[in-house]
Amino acid sequence: MSERSFSEWLREQCEPEWTAVVTHPFAMAITTGSAPDDGMRRYLEQDFQFVDAFTALLGAAVASADTFEARVPYGKFLGQVATTEEKTYFHRALAALNGRTDAPTEPVTAAFRQLMDEARTSQDYLLIVAVLCVAEWCYLGWASRAERPLPESFVHREWIELHEGPEFRAWVAFLRGELDRLGADLDEERRTAALDVFRLAVELERAFFDQASDHQPSTAARSWNER
């Protein structure tokens with residue numbers, strides 16, 4: 001990895017999929033407020049299906065973290081964002097879009113939720129952080145591309161604001177820092193294990209955006225269905 005951080009090395013190993021996620025046409029349409037209501041409804045209905053699994057994954061990070069200093073940010077994020085701000089947004093946005101919080105789970109959503117559940121039950125802190133980091137860093141990646149002024153519609157604007165700004169940037173920096181700290185002493189087998197999980201999460205992120213926009217998933221993104 002030479003002088004690159006571990007998190008940066010992981011990201012680079014996932015190109016061009018990573019760039020395809022953070023510049024995905026549907027994500028870019030959110031940043032401009034041009035994502036259609038039916039697309040946003042389908043996207044948010046499916047994203048809401050992650051709330052429980054994501055909350056549980058944060059809890060597993062609290063339990064499996066190897067230092068008290070690492071546990072605190074997870075607990076803070078769990079209480080202030082995952083169970084309050086985002087959940088409130090989902091209910092308001094889906095009501096505005098005539099959407100459902102109990103929509104049937106689509107295949108990519110189920111696969112991503114399975115990855116979260118497998119990371120959680122493994123109680124392997126490295127793998128838990130890898131999944132969390134992809135989920136949050138990817139979203140910062142596309143949300144940070146939004147130009148000001150932000151879209152007038154709260155459905156688009158608040159979703160961007162939830163995934164951009166000083167607090168969210170600090171949260172992503174913390175997750176990357178944890179990966180960098182853990183990666184410093186890993187042997188090749190453990191680096192490979194982290195990369196496998198990181199790469200699958202990136203592929204699923206791209207497939208999730210494809211699903212929302214009715215695009216055919218890429219060959220790489222379809223690999224989740226073969227596992």
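The values are calculated or read from the model by the stated rules, or taken from the named source; none is laboratory data. Since the model is a prediction, treat every value here as computed from it, not as a measurement. Here the Cβ is made from the backbone with ideal geometry for all residues, glycine too, and neighbour counts use every protein chain on show. When the accessible area is computed, the model is the full protein with side chains, heavy atoms only, and any ligands, DNA or RNA have been set aside. Shrake-Rupley method; radii C 1.70, N 1.55, O 1.52, S 1.80 Å.
Here segment 113-136 is the region considered, the condition is being among the charged types (D, E, K, R) and under 16 Å from residue 63 (Cα atoms), and the residue that is least open to solvent (accessible area, probe 1.4 Å) is 124.
Beta carbons closer than 6 Å, at least 6 apart along the sequence or on distinct chains, pair a first residue in segment 45-63 that is closer than 14 Å to residue 76 by Cα with a second that is open to solvent by 30 Å² or more (accessible area, probe 1.4 Å) and among the aliphatic types (A, V, I, L, M) for 58/78. Selection of helices (runs of 4 or more DSSP H) fully inside segment 50-144 by the criterion of at least 2 residues being farther than 21 Å from residue 167 by Cβ returns 51-64, 86-96, 107-122, 125-143. Would you mind stating whether residue 187 is open to solvent by 30 Å² or more (accessible area, probe 1.4 Å) and of a type outside the set (Ser, Thr, Tyr)? Considered against the rule, which asks whether it is open to solvent by 30 Å² or more (accessible area, probe 1.4 Å) and of a type outside the set (Ser, Thr, Tyr), residue 187 comes out as yes. Being closer than 23 Å to residue 141 by Cα, β-branched (Val, Ile, Thr), open to solvent by 20 Å² or more (accessible area, probe 1.4 Å) and more than 16 Å from the chain's Cα centre (by Cα) is a property that residue 55 lacks. For segment 162-183, the criterion of being touching a Leu at 6+ places or on another chain (Cβ under 9 Å) and open to solvent by 50 Å² or more (accessible area, probe 1.4 Å) is satisfied by at least one residue. When residue 78 is tested against the conditions (1) under 19 Å from residue 41 (Cβ atoms); (2) open to solvent by 20 Å² or more (accessible area, probe 1.4 Å); (3) not β-branched (Val, Ile, Thr), the lone failure is (1).
Residues in segment 58-71 that are buried (at least 18 other Cβ atoms within 10 Å of the Cβ) and of a type in the set (S, T, N, Q): 64 only.
In segment 27-49, how many are within 15 Å of the chain's Cα centre (by Cα) and assigned to a helix (DSSP H, G or I)? Explain how you work it out, then say what you get.
Step one: list which residues in segment 27-49 are within 15 Å of the chain's Cα centre (by Cα), which gives 27, 43-44, 46-49.
Next cut, assigned to a helix (DSSP H, G or I) only: 27, 43-44, 46-48.
Within segment 27-49, residues that are within 15 Å of the chain's Cα centre (by Cα) and assigned to a helix (DSSP H, G or I) number 6.
If you go through segment 97-112, how many residues are open to solvent by 60 Å² or more (accessible area, probe 1.4 Å) and farther than 11 Å from residue 45 by Cα?
Adding up the residues that qualify gives 1.
Might you let me know whether segment 8-17 holds any residue that is touching a Ser or Thr at 6+ places or on another chain (Cβ under 7 Å) and of a type in the set (Phe, Trp, Tyr)? Checked segment 8-17: no residue is touching a Ser or Thr at 6+ places or on another chain (Cβ under 7 Å) and of a type in the set (Phe, Trp, Tyr).
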